[in-house]
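To keep things clear, I will list the structure first and then write my remarks on it.
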2 protein chains.
Amino acid sequence: MSTFKAINLIARPHGGPIGHELFEVVTKNIPEVAQGEFLVKQNHMSLDPAMFGWMSPDTESYIPPVDLGSVMRSSGIGEIVASNHPDFNVGDRVMGMMGWQEYFLSNGKGLNKVTAPLPDEAILSVFALPGLTATQGLYSIGKPQKGETIVVSGAAGSVGSIVGQLAKADGLTVIGIVGSEEKADWIVNELGFDGAINYKSDDIADQLEKMTPQGIDVYFENTGGPIQHHVFARMNAHGRIAVCGLIADYPKATPDLAPNWIPIIKKRLTVQGFTMPDHFGDVPALLAKLTPYVMKGQIKHRAHVLDGLESAITGLNLFFTGENKGKLIVKI
Amino acid sequence: MSTFKAINLIARPHGGPIGHELFEVVTKNIPEVAQGEFLVKQNHMSLDPAMFGWMSPDTESYIPPVDLGSVMRSSGIGEIVASNHPDFNVGDRVMGMMGWQEYFLSNGKGLNKVTAPLPDEAILSVFALPGLTATQGLYSIGKPQKGETIVVSGAAGSVGSIVGQLAKADGLTVIGIVGSEEKADWIVNELGFDGAINYKSDDIADQLEKMTPQGIDVYFENTGGPIQHHVFARMNAHGRIAVCGLIADYPKATPDLAPNWIPIIKKRLTVQGFTMPDHFGDVPALLAKLTPYVMKGQIKHRAHVLDGLESAITGLNLFFTGENKGKLIVKI
């Protein structure tokens with residue numbers, strides 16, 4: 001085999017579902033491996049909500065959008081199959097931003113070796129973007145204190161499920177917002193959340209009131225949508241809101257407005273957004289914070305694995321429909 | 001004279017203008033001054049937007065509302081006319097929360113002596129709540145850096161005018177939002193702001209764009225209203241928003257919604273509310289920060305003085321109409 005497949009972004013989304021018209025599947029020749037380079041065969045790649053930002057034309061975003069005609073950006077994990085690099089050997093497992101393609105030629109920059117004896121799915125689900133994001137946002141913005149109450153939206157998602165489990169291990173009361181009864185059951189009965197609210201039910205305000213009798217100290221926001229207003233209304237004085245994702249708002253041409261700021265004054269709230277690229281320098285510290293929880297068995301995960309490179313395209317829509325069950329991963 | 005006047009709050013506002021029906025003017029006997037007490041004749045009292053919070057029934061606010069039937073809460077400055085207190089003498093000038101009344105009996109708690117050789121109006125305009133609030137919010141939340149751009153709403157108000165002058169002295173580009181051409185002229189030509197926008201003009205978005213070509217790093221929010229959306233849209237990455245007041249929203253039964261949070265993520269913004277009662281312990285440090293600017297002549301002020309205790313009642317409406325010119329003070 002001397003060729004491989006890659007998927008280029010050729011148009012930008014304008015709201016609504018992601019379709020094949022935004023991409024082209026191309027066949028490329030497997031490149032020569034020059035001195036100081038190595039070739040990775042990618043085995044699994046990660047799908048993340050951040051991709052909607054990378055695809056959008058907004059130049060104000062935290063990292064530049066993917067250029068039209070270029071390989072779609074993504075992180076993944078693979079095995080080195082050829083090397084002329086002194087520090088990377090054939091058979092080494094590496095992780096990094098390799099994009100939607102079967103092979104990736106690297107000079108080593110931005111790729112890290114994976115030595116943990118865990119399957120690809122576990123690495124991508126916990127120690128990659130989701131776990132780093134959860135750890136960064138929860139501790140630097142949420143500042144959780146034992147005995148407090150945290151609400152996590154997108155609680156069955158890759159980030160939210162880790163946030164909730166970290167907070168639970170730290171002694172908080174943890175309530176998760178999810179989009180199905182199956183997810184509610186999973187976060188309560190498998191992950192140990194204290195409660196779950198299906199945002200599609202009729203009485204979310206009542207449910208939230210019953211589950212947070214002491215009010216809400218920390219809100220980890222992954223979704224947006226109407227639940228945001230209900231949670232915001234129950235924030236306690238000096239509450240902290242970490243704004244991590246707004247998946248319900250991204251596809252809308254005119255996103256819904258947010259709650260009036262009067263409670264931000266009255267309750268002296270802090271609402272703060274963050275994105276991981278600002279904190280890549282902190283990754284060693286974040287991993288040092290996260291790892292003990294994982295080693296103690298306090299962080300469970302589940303991966304939702306799609307099959308084949310091209311499944312990535314329509315797979316992105318699972319974030320909107322909420323039909324994904326766990327971390328979205330594409331097996332190549 | 002053995003009696004004095006006081007004004008009690010007897011009903012809570014429900015949106016719309018403040019009227020006499022919310023208050024009763026009562027005549028009281030001047031009390032005996034027991035051991036450890038002293039009597040203050042109040043000469044000037046301050047009107048502040050925070051009063052709308054103190055009058056409202058909301059028990060979630062940062063300090064308890066004024067009880068119905070009690071003297072309306074306010075800060076003021078006066079002179080001791082009788083004393084049986086070892087540390088306070090007849091003739092001493094004192095400042096503190098004395099309420100809407102001509103005389104105030106104190107045991108000394110919460111009152112501070114005023115020794116600066118400045119008129120009452122200057123003390124209440126700069127060294128009381130407005131200056132403390134401006135200093136707290138600007139430095140602890142706004143974190144201004146030389147060369148950055150700050151937008152201040154309510155810029156001709158008692159807090160906003162000090163925020164803008166502090167930021168100007170620190171080397172920022174300072175744009176103020178005001179409600180009249182007269183105020184625009186005052187903040188630019190008297191206070192040295194770099195620009196002013198009358199929010200009642202048609203093209204506020206265009207004006208804001210022209211005056212903030214480098215975007216906006218700090219937003220000191222005193223008013224709310226539609227300008228909030230325009231300023232929010234021009235915030236730079238890592239921008240800070242100090243939410244101090246929302247005078248345009250307070251009288252509304254259903255306050256307007258705020259901008260969607262997507263830019264909070266994309267630009268990693270921090271939106272933080274604050275109120276001074278959380279920071280009364282920091283007053284010495286705040287005064288130490290503020291005083292050098294005042295001594296260098298960098299903080300100008302103007303007082304809008306109403307005449308007579310009862311003028312306080314309808315005087316509060318000047319905050320809504322924006323017709324006050326400078327710090328609202330009642331001369332008793």
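The values are calculated or read from the model by the stated rules, or taken from the named source; none is laboratory data. On a predicted model such as this, the values are computed, not experimentally measured, just so you know. Heads up, the Cβs are rebuilt from the backbone with ideal geometry, glycines too, and the neighbour counts pull from every protein chain shown. Please note that ligands, DNA and RNA were not included when accessible areas were found on the heavy atoms of the full protein model with its side chains. Shrake-Rupley method; radii C 1.70, N 1.55, O 1.52, S 1.80 Å.
Determine whether A:Gly69 is under 18 Å from A:Ala312 (Cβ atoms), in a strand (DSSP E or B) and either in contact with a Cys (Cβ under 7 Å, 6 or more places away or on another chain) or not acidic (Asp, Glu) (or both).
no
What's the number of the condition A:Asp217 fails, among (1) farther than 30 Å from B:Ala248 by Cα; (2) surrounded by 21 or more Cβ atoms within 10 Å (Cβ to Cβ)?
Condition (1) is where A:Asp217 drops out.
Across region B:286-305, which residue is surrounded by the most Cβ atoms within 10 Å (Cβ to Cβ) among those that are among the aliphatic types (A, V, I, L, M) and either within 7 Å of chain A (Cβ to nearest Cβ) or in contact with a Ser or Thr (Cβ under 9 Å, 6 or more places away or on another chain) (or both)?
Going through the qualifying residues, I end up with B:Ile299.
Please verify whether B:Thr314 is more than 30 Å from B:Gly171 (Cα to Cα), of a type in the set (S, T, N, Q), more than 14 Å from every other protein chain (Cβ to nearest Cβ) and outside any strand (DSSP E or B), treating the condition exactly as stated.
Considered against the rule, which asks whether it is more than 30 Å from B:Gly171 (Cα to Cα), of a type in the set (S, T, N, Q), more than 14 Å from every other protein chain (Cβ to nearest Cβ) and outside any strand (DSSP E or B), B:Thr314 comes out as yes.
Within region B:248-263, how many residues turn out to be of a type in the set (Asp, Glu) and open to solvent by 20 Å² or more (accessible area, probe 1.4 Å)?
Total meeting the criteria: 1.
Tell me, yes or no, whether region B:108-126 has at least one residue that is in the same structural domain as B:Gln214 (by TED's automatic domain parsing) and among the acidic types (Asp, Glu).
The answer is no, given that none of the residues of region B:108-126 is in the same structural domain as B:Gln214 (by TED's automatic domain parsing) and among the acidic types (Asp, Glu).
Would a scan of region A:121-128 turn up a residue that is under 30 Å from A:Asp217 (Cα atoms) and of a type in the set (Phe, Trp, Tyr)?
yes
Across region B:256-274, what is the number of residues that are among the basic types (Lys, Arg) and either closer than 14 Å to A:Ile247 by Cα or part of a helix (DSSP H, G or I) (or both)?
So the answer is 1.
When you scan region A:255-278, do you find a residue that is under 23 Å from B:Thr254 (Cβ atoms), under 21 Å from the mean Cα position of the chain (by Cα), modelled with pLDDT under 95 and within 14 Å of chain B (Cβ to nearest Cβ), even just one?
yes
Of everything in region A:222-232, what is small (Gly, Ala, Ser) and facing another protein chain (nearest Cβ under 10 Å)? Give them in sequence order.
Passing the criteria: only A:Gly224.
Could you tell me whether B:Leu39 is farther than 16 Å from B:Leu287 by Cα, open to solvent by less than 30 Å² (accessible area, probe 1.4 Å) and modelled with pLDDT of 95 or more?
yes
Each row is one residue, and each column tells you yes or no for (1) within 24 Å of A:Arg93 (Cβ to Cβ); (2) out of contact with any strand residue (DSSP E or B) (no Cβ under 8 Å at 6 or more places or on another chain).
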site	(1), (2)
A:Ile18	no, yes
A:Ala34	yes, yes
A:Phe52	no, yes
A:Val71	yes, no
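Could you list all residues from region B:264-278 that are open to solvent by less than 40 Å² (accessible area, probe 1.4 Å), more than 13 Å from A:Ile264 (Cβ to Cβ) and of a type outside the set (D, E, K, R)?
Selection gives B:Ile265, B:Met276.
Are any of the residues in region A:245-252 within 28 Å of B:Gln272 (Cα to Cα), modelled with pLDDT under 95 and β-branched (Val, Ile, Thr)?
yes
When you go through (1) closer than 30 Å to B:Gly273 by Cα; (2) open to solvent by less than 50 Å² (accessible area, probe 1.4 Å) one by one for A:Asp282, which number turns out not to apply?
It is condition (2) that A:Asp282 fails.
Check A:Gly154, A:Gly179, A:Gly171, A:Gly160 and return the single one that is touching a strand residue (DSSP E or B) at 6+ places or on another chain (Cβ under 6 Å) and in the same structural domain as A:Ala205 (by TED's automatic domain parsing).
When all the criteria are applied, what remains is A:Gly160.
Out of the residues in region B:198-226 that are among the hydrophobic types (A, V, I, L, M, F, W, C) and in contact with an Asp or Glu (Cβ under 9 Å, 6 or more places away or on another chain), which is nearest to B:Ile247 (Cα to Cα)?
Ranking the candidates gives B:Val218 first.
Among the numbered criteria (1) open to solvent by 10 Å² or more (accessible area, probe 1.4 Å); (2) hydrophobic (A, V, I, L, M, F, W, C); (3) within 17 Å of A:Pro259 (Cα to Cα), which single criterion is violated by A:Ala184?
Of the numbered conditions (1) open to solvent by 10 Å² or more (accessible area, probe 1.4 Å); (2) hydrophobic (A, V, I, L, M, F, W, C); (3) within 17 Å of A:Pro259 (Cα to Cα), the odd one out for A:Ala184 is (3).
In region B:101-130, which residues are assigned to a strand (DSSP E or B) and open to solvent by 10 Å² or more (accessible area, probe 1.4 Å)?
B:Gln101, B:Tyr103, B:Phe104, B:Leu105, B:Asn112, B:Lys113, listed by residue number.
Within region B:76-100, which residues are open to solvent by less than 20 Å² (accessible area, probe 1.4 Å) and either part of a strand (DSSP E or B) or of a type in the set (Gly, Ala, Ser) (or both)?
B:Gly76, B:Ile77, B:Gly78, B:Ile80, B:Val94, B:Gly96, B:Gly99
Return the total of residues in region B:1-46 being in contact (Cβ under 8 Å) with a residue 60 or more places away in the chain and closer than 29 Å to B:Asp87 by Cβ.
So the answer is 18.
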